[in-house]
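Bear in mind these aren't lab numbers, they're just calculated from the coordinates by the rules spelled out. Here the structure is a predicted model, which is why all the values come from computation and not from measurement. Cβ placement follows ideal geometry from the backbone for every residue including glycine, while neighbour counts extend to all protein chains displayed.
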Amino acid sequence: MMAANRRGDSLSYPLDIARIRRDFPALAQKVHGYPLVYLDNAATTQKPLAVLDRLRTSYIEECANIHRGVYEMSERATASHEAAREKVRAFIGAARSSEIVFVRGTTEAINLVAQTYGRRFIEKGDEILITALEHHSNIVPWQMLCQERGAVLKVAPMDEHGDLIFPEYEKLLGPRTKLVAFGYVSNALGTVNPAKAMVEAAHRHGAIVLVDAAQAIPHRALDVRDLDCDFLAFSGHKIYGPTGIGVLYGKQRLLESMPPWQGGGDMIMSVTFEKTTYAPPPAKFEAGTPDITGAIGLGAALDYVQAIGMETIERHEADLIAYAEATLARLPGVRLIGRPKHRAGAISFMLGDIHPHDVGTIVDRRGIAIRAGHHCAQPTMKCMGVPGTARVSFALYNTTDEIDALAACLAETQKMFRS
């Protein structure tokens, strides 16, 4: 079966969009009397039945705490939870499941690295390098660490198109650079950074590298060993999984060198009033009862996208991006914010002098969900010379018909404000 664009032409890869959309019950609803057009996937994705059913089964048949129980339900829950860890390991190509730490999301994963690796190894005068394209979650933790440790935060610039200026990034690397942290894909502009080249350049200077993959994970295949990053973080809800669950990947030797972040149950080997001996990774970083069902749901989400194929998803979404760029650019008054060489997931734009919040509110009345604001990327917005934008972002279930619906609504909105 072939996916079809709005003209009925066959695309060059197999993807049955109608079947896929039936897997996502939320897409069948109406909003303000109109069919839902959901174009806010960079914020969170809708959930397929495979994930919803797995969550329900987990709570009905495996609702028990894990690791310490000796009864059947606990053992089933433990097995399902650890199977999910193995699915994550395989999905991102990690060497061993002990390199996979479950956290609440990308933000917690980055803070974990900042407050454990950072506090132990970053010293006064050391430098941490980020880019002008970062989400606040990959800025603020490093600012806090620099303030605490007396380190220096440096920022690699981007050009007027929204691309990292790679030669300037390289110039900022030096003997004092101890850690580099960057987003693989910009949540605000959709810019795809040259991640592998950035990691290689940082490693030549002896720096440790963290990759924020929150916006990359649903759009492209990732292999942490090929990328050779030292840490990688992502959130389950960005890739059709539940909210409240995320992943920190870390190379084994680094995780072993890092102190615990939180204290409590399940992260210990033994406790006395005189001394506590900590468990090895990943348990050392997973204090207390984890989001058991969230991890299991994430595993189901990864099964779902793997059954479709990441290459197929990437090609479908690349067609959507190209179509949306061309369609929006033809609309009177629309100005695309950022024209990066490589884009994934998201497009930001302005509609004349209309405030992005007004744009978002008006299109919502037609059942179209988009994002409006600074997208937790205020420095990026400042670099682009705008306070905020309207943003559309795509997932595997979106269609060119939905882009057409948005374009028609934007055109009407522009006429309304002109009259």
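Excluding residues on the same chain fewer than 8 positions from LYS87, give the aspartates and glutamates whose Cα lies under 17 Å from its Cα.
Those aspartates and glutamates meeting the cut-off are GLU99, ASP223, ASP291, ASP303.
What does the helix-only formula give at 222 nm for the chain: each DSSP H stretch with n ≥ 4 adding -39500 (n - 2.57), the total divided by the residues, and the result rounded to the nearest 500 deg cm²/dmol?
Taken over the chain, the calculation gives -11500 deg cm²/dmol.
Using DSSP, restrict attention to beta bridges with both residues in region 52-307 and report what percent are antiparallel, rounded to the nearest 5.
Values: 14 of 30 bridges.
Around 45 percent antiparallel, to the nearest 5.
Would you please give the residues with an amide H less than 5 Å from that of ALA156, counting only those at least 5 places away or on a separate chain, with H modeled from the backbone geometry?
Result for ALA156 returns ILE130, THR131, ALA132.
Could you give the distance between the Cα centres of region 232-267 and region 195-230, to the whole Å?
16 Å
Just the number, please: percent antiparallel of the DSSP beta bridges in region 173-330, rounded to the nearest 5.
Once the DSSP bridges in region 173-330 are tallied, antiparallel ones form about 55 percent.
Run the reach check for LYS154 against lysines, Cα to Cα strictly under 30 Å, same-chain hits fewer than 8 apart removed. What comes back?
LYS124, LYS171, LYS178, LYS196, LYS238, LYS251, LYS341, LYS382
Could you give the size of the charge dipole of the chain about its Cα centre, using +1 on the Cβ of each K and R and -1 on the Cβ of each D and E, expressed in debye and rounded to the nearest 20?
480 debye
Which of PHE349, PHE273 comes first, and how do the rest follow, when ranked by fewest Cβ neighbours within 10 Å?
By the 10 Å Cβ count, ascending: PHE273, PHE349.
Rank ILE122, LEU406, ALA283 by how far each Cα sits towards the positive end of the charge dipole of the chain (+1 on Lys, Arg Cβ; -1 on Asp, Glu Cβ) and give me just the farthest.
Working it through, the farthest residue towards the positive pole turns out to be LEU406.
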